[in-house]
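The values are calculated or read from the model by the stated rules, or taken from the named source; none is laboratory data. On a predicted model such as this, the values are computed, not experimentally measured, just so you know. Cβ atoms come from the backbone with ideal geometry, glycine included; neighbour counts cover every protein chain shown. Only protein heavy atoms, including side chains, enter the accessible area calculation; ligands, DNA and RNA are left aside. Shrake-Rupley method; radii C 1.70, N 1.55, O 1.52, S 1.80 Å.
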Amino acid sequence: MLLTFSLAVVQTSNFWFILAGLLIALFYYGQAHLKWSETKQTWRFIITFVTIVTIFNYVISGGAVEQGVDLSNQHILFSIPFIGFKQGFPFIGPSPVTFSVQSITFLMTQAMRFFSIALLAVPISYTTAPDHFGVAFKGMGLPDKFAFAVDLSFRFLPTIVRDFGTTLDAQRARGYEIDKLRGGIFGKIARLAPMIVPVVIGSILGAEDIINAMELRCFGIGKRTWFIKLRARQIDRALIALGILSFVAITILNILGYFYSQGPLHVLHTQGIPPFLLQ
C-alpha cells in the first residue's frame with residue numbers, strides 16, 4: 001500500500017489530490033496509536049529533511065519548478081534578490097527568487113506529498129516486529145534471498161543502536177566520559193575510538209556469524225520454509241486492493257490527461273488553485 005500510494009501521489013501536483021492523500025495518510029497514521037514521545041526523534045528528522053529539501057529546491061530553481069504550469073502567466077506576489085545559475089560565463093550571478101501564487105502552491109503540495117508518504121512509512125518500523133519483515137515479503141511472493149536481505153536490512157540499524165548502547169555503558173563503567181570530549185573536530189573523532197571500534201568490529205563479527213549460519217543451512221540452494229507464518233486478514237487484502245486500484249485509476253487519469261488541455265481528464269495536470277486567488 002505504501003508503494004502504490006507513493007507512486008500515485010508523485011504523478012500529480014494538484015493541491016486537492018495531494019491534500020486528500022495527506023488526510024488519508026493522517027487517518028492511517030492515527031490508527032497506529034503511536035505517541036509523540038516514541039516517534040519524536042524520527043519526526044524531527046523528517047520535518048527537518050522535508051523543510052530543507054523543499055526550500056532548497058525552491059531557492060535553487062528560483063521558484064520555477066511547477067509541474068504542468070504555464071510560468072509565463074504567473075501571479076507574482078513579490079521577489080527577493082538571490083544568486084542563481086546562468087547559461088554563460090561565469091555561470092553564477094544575481095537571480096531573484098520569485099514568489100507567486102503558483103510557486104507557493106507547488107511548495108505546499110511538495111511538502112504535503114513528502115509528509116503523506118512519511119505518515120504511511122513511519123508506522124511500519126514502529127508497529128512491526130523486525131523478524132516479521134522477511135516473512136511478510138516472502139508471503140507477497142518475493143524470492144527468499146530478497147526477503148531475507150530486506151529482513152537483515154531492517155534489523156541492522158536497531159542492532160547497531162543496541163550495540164552502541166551496550167558499549168557506551170561498558171566504557172562509562174571504566175571511567176570513559178563521552179560528554180567531556182575536548183579538542184577540535186579531528187581530536188574528538190580520535191577520542192571516540194573506544195566507542196566506534198568495538199561497535200564496528202562487533203558488526204563485522206555479527207555479519208560473519210550470520211553468513212556462516214546461512215552457509216551451514218545451505219541457504220539459497222532450494223526453497224526455504226520460515227519459522228513464523230503470517231496470514232493476511234480481510235482488512236489487509238482490502239487495503240492492498242484499494243491501494244492498487246487507486247494507483248491504477250490515477251495512472252489512467254494521468255495518461256488520458258495528456259490528450260486533453262482542459263476538463264476533468266486534465267485535472268491531474270493542473271494545480272487546482274481556486275480562481276479567487278488568481279484575481
Unique match (being modelled with pLDDT under 80, of a type in the set (Lys, Arg), touching a helix residue (DSSP H, G or I) at 6+ places or on another chain (Cβ under 8 Å) and open to solvent by 40 Å² or more (accessible area, probe 1.4 Å)) among 182, 174: 182
Pair list, Cβ under 6 Å, 6 or more apart: the stretch 15-34 residue farther than 16 Å from residue 239 by Cα, other residue β-branched (Val, Ile, Thr) and open to solvent by less than 80 Å² (accessible area, probe 1.4 Å): 15/105; 15/109; 18/109
Whichever residue in the stretch 210-247 is β-branched (Val, Ile, Thr) and in contact with a helix residue (DSSP H, G or I) (Cβ under 6 Å, 6 or more places away or on another chain) and, among such residues, is farthest from residue 1 (Cα to Cα): 228
Which numbered condition residue 270 fails, given (1) open to solvent by less than 80 Å² (accessible area, probe 1.4 Å); (2) at pLDDT 90 or above: (2)
Of residues in the stretch 219-273 being of a type in the set (S, T, N, Q) and assigned to a helix (DSSP H, G or I), the one nearest to residue 14 (Cα to Cα): 254
The stretch 220-267: number of residues that are touching a residue at least 60 places away in the same chain (Cβ under 8 Å), of a type in the set (Val, Ile, Thr) and open to solvent by 70 Å² or more (accessible area, probe 1.4 Å): 2
